[in-house]
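J.: If you scroll down you'll find the structure; I have some questions about it.
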Amino acid sequence: MSDGVLSKDGHDSTPGHLHRLVLFSDAVFAIAITLLAIEIHPPHHWHGVADLFAQMGAKLTAYAVSFAVVGVCWFSHRRVFARLERADGGLDVFNLVVLGLIALLPLATELLWEQRGGEAVLIYIGHVALIGLAMGLVWAYAAFVGKLTQPMPVGEAVFVLLRVALLPGLMCGLTIFSLVKPWGWALLAALVIGLNLIGRRLTPKSTQEAAA
């Protein structure tokens with residue numbers, strides 16, 4: 001590399017590596033969330049506002065769910081990367097897997113509103129779960145293999161791993177379930193509140209302020 005150096009442990013310590021990785025990731029998230037809206041087209045024939053929303057209900061619901069999914073994944077990605085001190089090639093590879101799955105979310109969303117249930121819902125939730133698992137790989141590599149994170153207790157690192165790996169799939173599944181069973185929103189709220197309380201107990205105050 002002509003503009004960077006390698007540290008003693010072999011990590012690429014090029015200035016700006018981590019910063020550029022975050023900027024590139026944010027761009028992919030932004031493009032994905034934009035494509036969700038671009039794919040929505042009004043019906044050719046509609047009569048009044050009620051008819052318009054009746055025809056577009058499935059598309060708008062799928063869009064809202066996917067918008068929330070991208071938001072949760074971006075928030076999780078941001079908090080993970082706020083804990084990193086540097087980046088290396090391995091982190092680049094695992095992060096690209098996450099971004100590749102995020103970029104496919106508009107396709108999964110289109111499948112969701114076209115099929116309106118059944119296997120399409122399972123495929124969609126499975127896709128979101130894969131995004132979470134890929135995020136878990138990013139954190140596992142950064143925290144346990146590449147040693148790219150700020151110093152932290154092992155228990156906290158394990159909690160972060162479980163949260164980033166499982167939260168997207170769980171929240172997506174509960175959100176879709178809640179559209180059918182309204183009391184599912186209570187489960188979703190309990191999940192979010194519970195994870196936040198556990199996280200605050202495990203995370204030092206200084207780290208919370210850095211990730212905020």
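J.: May I ask you to say which residue of G155, G169 is closer than 17 Å to G71 by Cβ, in contact with a helix residue (DSSP H, G or I) (Cβ under 9 Å, 6 or more places away or on another chain) and modelled with pLDDT of 80 or more?
T.: Details: G155 fails: closer than 17 Å to G71 by Cβ.
Of the residues listed, the single one that is closer than 17 Å to G71 by Cβ, in contact with a helix residue (DSSP H, G or I) (Cβ under 9 Å, 6 or more places away or on another chain) and modelled with pLDDT of 80 or more is G169.
J.: Separate question: Restricting attention to region 53-62, does a residue exist that is under 16 Å from the mean Cα position of the chain (by Cα) and either modelled with pLDDT of 90 or more or among the hydroxyl-bearing types (S, T, Y) (or both)?
T.: Restricting attention to region 53-62, the residues satisfying the condition of being under 16 Å from the mean Cα position of the chain (by Cα) are none.
Among the residues of region 53-62, not one is under 16 Å from the mean Cα position of the chain (by Cα) and either modelled with pLDDT of 90 or more or among the hydroxyl-bearing types (S, T, Y) (or both), which makes the answer no.
J.: Is there any pair linking a residue in region 142-165 that is in contact (Cβ under 8 Å) with a residue 40 or more places away in the chain to one that is crowded, with 20+ Cβ neighbours inside 10 Å and of a type in the set (G, A, S), with Cβ under 7 Å and at least six apart or on different chains, and which?
T.: L148/A87; L148/A142; T149/A142; T149/A143; V164/S76; V164/G132; V164/G136
J.: Sort through L122, L111, L107 and tell me the only one that's under 18 Å from T175 (Cα atoms) and either in contact with a strand residue (DSSP E or B) (Cβ under 7 Å, 6 or more places away or on another chain) or surrounded by fewer than 14 Cβ atoms within 10 Å (Cβ to Cβ) (or both). Steps first, please.
T.: Numbers: L111 fails: either in contact with a strand residue (DSSP E or B) (Cβ under 7 Å, 6 or more places away or on another chain) or surrounded by fewer than 14 Cβ atoms within 10 Å (Cβ to Cβ) (or both); L107 fails: under 18 Å from T175 (Cα atoms).
Sole residue among the options that is under 18 Å from T175 (Cα atoms) and either in contact with a strand residue (DSSP E or B) (Cβ under 7 Å, 6 or more places away or on another chain) or surrounded by fewer than 14 Cβ atoms within 10 Å (Cβ to Cβ) (or both): L122.
J.: For the structure I just gave you, tell me whether V70 is within 18 Å of the chain's Cα centre (by Cα) and either surrounded by fewer than 19 Cβ atoms within 10 Å (Cβ to Cβ) or more than 23 Å from M152 (Cβ to Cβ) (or both).
T.: On the way: within 18 Å of the chain's Cα centre (by Cα): yes; either surrounded by fewer than 19 Cβ atoms within 10 Å (Cβ to Cβ) or more than 23 Å from M152 (Cβ to Cβ) (or both): yes.
Against the criterion (within 18 Å of the chain's Cα centre (by Cα) and either surrounded by fewer than 19 Cβ atoms within 10 Å (Cβ to Cβ) or more than 23 Å from M152 (Cβ to Cβ) (or both)), V70 qualifies.
The values are calculated or read from the model by the stated rules, or taken from the named source; none is laboratory data. Keep in mind the model is a prediction, meaning the values are calculated, not measured. So basically every Cβ, Gly included, is an ideal-geometry build from the backbone, and we count neighbours across all protein chains shown.
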